[in-house]
Amino acid sequence: MRIFKGIAASEGMVKGKALVFRRASMAAERRHILADGVSRELKTLEKALDEARHTIEAHDQSQLPDESQQILEAHLLMLSDPEYRRAIEAYIRTNLVSAQWAIEEVSEQYASLLAESGDALLQERADDIRDISLYLLEAAKGRKRSVDFVIDDDVVLVADSLMPSDLFALDKSRILALVLDGGARASHVAILVRAFNIPAVIATGRASRSVNDGDEVIVDGIWGEVYVRADLSAAQMLDERYARWQEHESELREMIDLPTEMVDGHRVELLANIQGLVEMEGVCASGASGIGLFRSEFLFMERATLPTEEEQYQAYKAVLEKMAPKAVTIRTLDIGGDKVVKDLGIDEKNPVLGWRAVRFCLSRKDIFTTQLRALLRASVHGKLKIMFPMISGVEELNAALHLLEHVKEECRIEGIAFDEKLEVGTMIEVPSAALCADILAKRVDFFSIGTNDLIQYTIAVDRGNEKIAYLYQPFHPAVLRSIKMIVDMAHKEGIEVSLCGEMGSDPLCSVLLAGLGVDALSMGVQSLLQVRQILRSVSSVEAKELADQALSMDSYQTINTYIREWMHDRFDHLTTI
């Protein structure tokens, strides 16, 4: 028996037969050239860049979760980096070598700099550079990037290393669990396996060198342990642990048809976040009370042209019909910042504070009006709620509402039916909107707090900057006070408040948010049943006492410790969080 301890990258427990993947060396053709051969190699590089882009773009992103789409987008941005390209071109000219040699050398130089940075997140980006180089090398050799084996049975995949592109190419439905020699929780592969709900243990050291195809492997993605050819005593211990895990999963499945009702009868609605129809099966299986956030921008991303009114109408209609009679809240186009849509001219030095979301829409009324018409047309097929993103004050809100009324009047004149009573709300994700929540609440039917942006703008910390990631703290007193203020102002005007940021999907935050008065939490379906189980186990009085205590504290460290201890004392399954 061998036991490997690593990092629990994706929760779950699995028994299965191993399939070992050891990355074959993909050596570049190391060939010297004459000066008159430089132009030929530059053309080879140009062709390789185009082919690599086409290979990545060929992935059907409508079938991929949000995290996967973001990773592919990051890879496309790397391929388009002019510095990376110029460095390879310069290496060809200076050293008179083949394009393949230059691609390999320059990519490894970039990757080595990141790997030696001492920053865990930057070190993981080194794998992304190497992954991109593999795309380019395959393209330069005249073939498409692919893994060299097919999974034709359910297996525990054990690998020395795995690139995101490998995972995209494999049949995920056949991968029971993943074991990696290296990696970190921040790596793109770790993000992907969580998105695909594949239990995983990474950073095991040399597991791939000790496992053979067909070995029985037990993967514990809760405690970060891998057992290979377990002996009798270990197998019995793991069987008990596995049984407890299965019992916990069974308990969660019993939550599907139950309301999220706290011990004293107070209800908190649990909603789902989606970006496409492909996710609706999971939403229905989770027992969500509705869709709290449909990210409509994903209809616009990775397309050569903008979606037409008819294409948008059909997409919205399909989700509304599938979810009826439950409500679907569709956020209008929220692009800019870290969400890139081609050919719209959004290229700014500081995009997070720039021309994005409703600011973009109000300046491109042609695009905005088309979307609003599609939404209104679709509203007769279910219960639609429209939500505007990144409203910073009453002027922007009034402008968006005025345009919506204008489109409604056009529809009336043209005889286009729509739900005259559909609700309209706004996201609260900018500090100015939070401070003016009492004013905004008089003009809309509901609020949705977007904590991802609210946190970064309140604390002035770029959530994508690894150097200051430690400052991005959901339990910061300013964040909790802002949420409480928003909720109180909204309730005073008689409107409900949902929360659709990452805080909503974190089980540790669930009771606190209920205690702050949030009416609904919207999240990825993977978290929904666990949050429901937690909220059904406590009373609203306990939740309010927890929130009041947290609000009285003066630092996020103190609040964080207090919340974790409070939750861990009551919920055994949170002891590994």
### Task
Name every residue in segment 522-540 that is among the hydroxyl-bearing types (Ser, Thr, Tyr) and either surrounded by 21 or more Cβ atoms within 10 Å (Cβ to Cβ) or within 10 Å of GLY504 (Cβ to Cβ) (or both), in order of residue number.
SER522, SER527
### Query
What's the number of the condition GLY282 fails, among (1) modelled with pLDDT under 85; (2) closer than 28 Å to VAL407 by Cα; (3) part of a helix (DSSP H, G or I)?
(2)
### Query
Of all residues in segment 71-106 being among the charged types (D, E, K, R) and within 30 Å of the chain's Cα centre (by Cα), which is surrounded by the fewest Cβ atoms within 10 Å (Cβ to Cβ)?
GLU83
### Query
Which members of segment 445-478 meet the condition of being β-branched (Val, Ile, Thr) and crowded, with 21+ Cβ neighbours inside 10 Å?
ILE449, THR451, ILE455
### Message
What's the total number of residues in segment 248-297 that are among the aromatic types (Phe, Trp, Tyr) and more than 21 Å from GLU496 (Cα to Cα)?
### Response
0
### Task
Identify the single condition in (1) farther than 30 Å from GLN100 by Cβ; (2) at pLDDT 75 or above that ILE129 does not satisfy, given that it satisfies every other one.
(1)
### Task
Those residues that are at pLDDT 90 or above, assigned to a loop (DSSP other than H, G, I, E, B) and closer than 14 Å to TRP101 by Cα, I need them from segment 28-74; list them, please.
ILE33
#### Entry: strands (runs of 3 or more DSSP E) (entirely within segment 439-538) containing at least 1 residues that are β-branched (Val, Ile, Thr), over 19 Å from the mean Cα position of the chain (by Cα) and at pLDDT 95 or above
496-499
### Query
Within the group MET237, MET280, MET262, MET255, which residue is without any contact (Cβ under 8 Å) to a residue 24 or more places away in the chain and not aromatic (Phe, Trp, Tyr)?
MET237
### Query
Can you name the residue in segment 262-275 that is at pLDDT 95 or above and within 26 Å of the chain's Cα centre (by Cα) and is also surrounded by the fewest Cβ atoms within 10 Å (Cβ to Cβ) among such residues?
GLU269
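Yes or no, residue by residue, for (1) within 14 Å of PHE294 (Cα to Cα); (2) modelled with pLDDT of 90 or more; (3) surrounded by fewer than 18 Cβ atoms within 10 Å (Cβ to Cβ); (4) touching a Phe, Trp or Tyr at 6+ places or on another chain (Cβ under 8 Å):
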residue	(1), (2), (3), (4)
PRO351	no, no, yes, no
PHE360	no, no, no, no
THR370	no, yes, no, no
LEU375	yes, yes, no, yes
ILE386	yes, yes, no, no
### Message
Looking at segment 404-418 only, could you name the residues that are crowded, with 17+ Cβ neighbours inside 10 Å and either in contact (Cβ under 8 Å) with a residue 40 or more places away in the chain or on the phi > 0 side of the Ramachandran plot (or both)?
### Response
PHE418
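The values are calculated or read from the model by the stated rules, or taken from the named source; none is laboratory data. Just so it is clear, the structure is predicted and the values come from calculations on it, not from any experiment. Note that each Cβ is placed from the backbone with ideal geometry, even for glycine, and that neighbours are counted across all protein chains shown.
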